[in-house]
Amino acid sequence: MHRPSPRPFRTALDSALQTVSIEREGLQALEHALSGPLGEAFCEAVNRIAESEGRLIVTGIGKSGHIARKIQATLASTGTPSLFLHPAEAAHGDLGMVAPGDLILAFSNSGETTELAAILAYAARQNHCVIAITSVGTSALARAAEIPLVLPTSTEACPMGLAPTTSTLLQLALGDALALALLQKRGFTARDFGAFHPGGLLGARLRPISDLMHTGDALPLGQGSLPLRSVILEMTRKSFGCMGVTDDNGVLQGLITDADLRRALSGDLDTTTAKDVMNAAPVTATPTTLAQDVLQLMNQRERPITSLFIVDEDRRPTGIVHVHDLLRSGLS
């Protein structure tokens, strides 16, 4: 049987390693540049965007446009109101999307992209702050920008030096850095992130457990004085494999599981009480605990918990969740 020569693969791998090496050097240059004037301009851009009451209008065309779209999506999902404005459409009516108080973030490697001209002219007339991400500090875009973020000189990984590679990677890295610096400055939390990502596994992980818990009459509860025979009936009716033990004020005092019951069955079912067999230190969560954290609570023990009570600030049970509820929600 004919076997292909391994040399073409080796050549392809050599090319891949060279590409990664060149792009890594570009990222190192960007990291170094952020310790100097670029870092000062970056901080100014973060402050201007964070303090603005308007949106961030992100724009770019070609490969820079693809990067701009990605950065705009990241900004929007991490708490910075933003939208993407296509430069070619801007001159045909879409400039109407730009409202008073909005800032403009423009991407262009050369800084001489003619399609951006209409946006820059409009920004100058309407006094919109322009933040530029470009590789040429003397370009038309850099000169028009109030805050130019000038990327360090880098070598494109393309062997002909033509296809944007390292330059777009640096745009992407600086754009991500901008979005995440704004996230931290705004105090954006995982719960906020979950509100913007309700779908899929990510949405399931970031849901508060109050969205999944059983409440009201579904809760298996009884007081500490309840005889074991009644405990069995309550656990059988509610089907969670456990019962919460409460005091006269409804505060959770302990938990009885199927295992606790089995150990106690040799005693008198009428004289043995819930308080006699309960675990006095049950694991609980609060209604605002994220679903992913509840699942971790249930799984991190030597013997995983199958049902867990959700309690309020006074330790009164407000809900209960079974591990199957978490799995059905999309967590695994």
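Data overview
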{"read-out": "Separation in nanometres of the label points that stand 7 Å from Cα toward Cβ, at Ala218 and Arg143", "value": "6.6 nm"}
{"read-out": "Overall form of segment 243-284 per C-alpha gyration tensor (a/c, 1.5; a/b vs b/c)", "value": "oblate"}
{"read-out": "Accessible surface of the chain [probe 1.4 Å, protein heavy atoms]: carbon and sulfur percent", "value": "53 percent"}
{"read-out": "Estimated FRET transfer efficiency (Met160, Gln296; beta-carbon r; R0 51 Å; 0.05)", "value": "0.55"}
{"read-out": "Label-point separation in nm, Leu17 to Leu180, each point 7 Å along Cα→Cβ", "value": "2.8 nm"}
{"read-out": "Shape box of the chain [Cα atoms, principal axes, largest first, Å]", "value": "89, 69, 37"}
{"read-out": "The chain - share of DSSP beta bridges that are antiparallel (%, nearest 5)", "value": "40 percent"}
{"read-out": "Cα extents of segment 12-81 along the three principal axes, largest first (Å)", "value": "49, 28, 21"}
{"read-out": "Mean Cα-pair separation over length for segment 90-131, i.e. relative contact order, pairs under 8 Å, 6 or more apart, %", "value": "57 percent"}
{"read-out": "Span from the segment 298-330 Cα centroid across to the segment 271-297 one, whole angstrom", "value": "7 Å"}
{"read-out": "Over segment 250-332, volume per residue of the alpha carbon convex hull, in Å³", "value": "106 Å³"}
{"read-out": "Chain lengthening between Glu25 and Glu89 when straightened (0.36 nm per residue, less Cα-Cα)", "value": "19.5 nm"}
{"read-out": "Whole-number D in µm² s⁻¹ for segment 215-254, Kirkwood Cα-pair radius fed into Stokes-Einstein, 20 °C, 1.002 mPa s", "value": "211 µm²/s"}
{"read-out": "Calculated [θ] (222 nm, deg cm²/dmol) that DSSP helices of n ≥ 4 give over the chain, each run adding -39,500 (n - 2.57)", "value": "-13500 deg cm²/dmol"}
{"read-out": "Percent RCO, i.e. relative contact order, over the chain, from Cα pairs under 8 Å lying at least 6 residues apart", "value": "14 percent"}
{"read-out": "Solvent-accessible area per residue for the chain (1.4 angstrom probe, square angstrom)", "value": "52 Å²"}
{"read-out": "Chain lengthening between Glu40 and Asn127 when straightened (0.36 nm per residue, less Cα-Cα)", "value": "29.1 nm"}
{"read-out": "Within-9-Å neighbourhood charge of Val251 [Cβ basis; K, R +1; D, E -1]", "value": "-1"}
{"read-out": "Over segment 38-195, volume per residue of the alpha carbon convex hull, in Å³", "value": "108 Å³"}
{"read-out": "Rounded, prolate or oblate (a/c below 1.5 giving rounded, otherwise prolate when a/b exceeds b/c) for segment 44-111 by Cα gyration tensor", "value": "oblate"}
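The values are calculated or read from the model by the stated rules, or taken from the named source; none is laboratory data. Small disclaimer: the values here were computed from a predicted structure and weren't measured. FYI the Cβ positions are ideal-geometry reconstructions off the backbone, even for glycines, and counts take in every protein chain you see. Ligands, DNA and RNA are stripped out before the accessible areas are found, and what is left, the full protein with its side chains, is counted by its heavy atoms. Shrake-Rupley method; radii C 1.70, N 1.55, O 1.52, S 1.80 Å.
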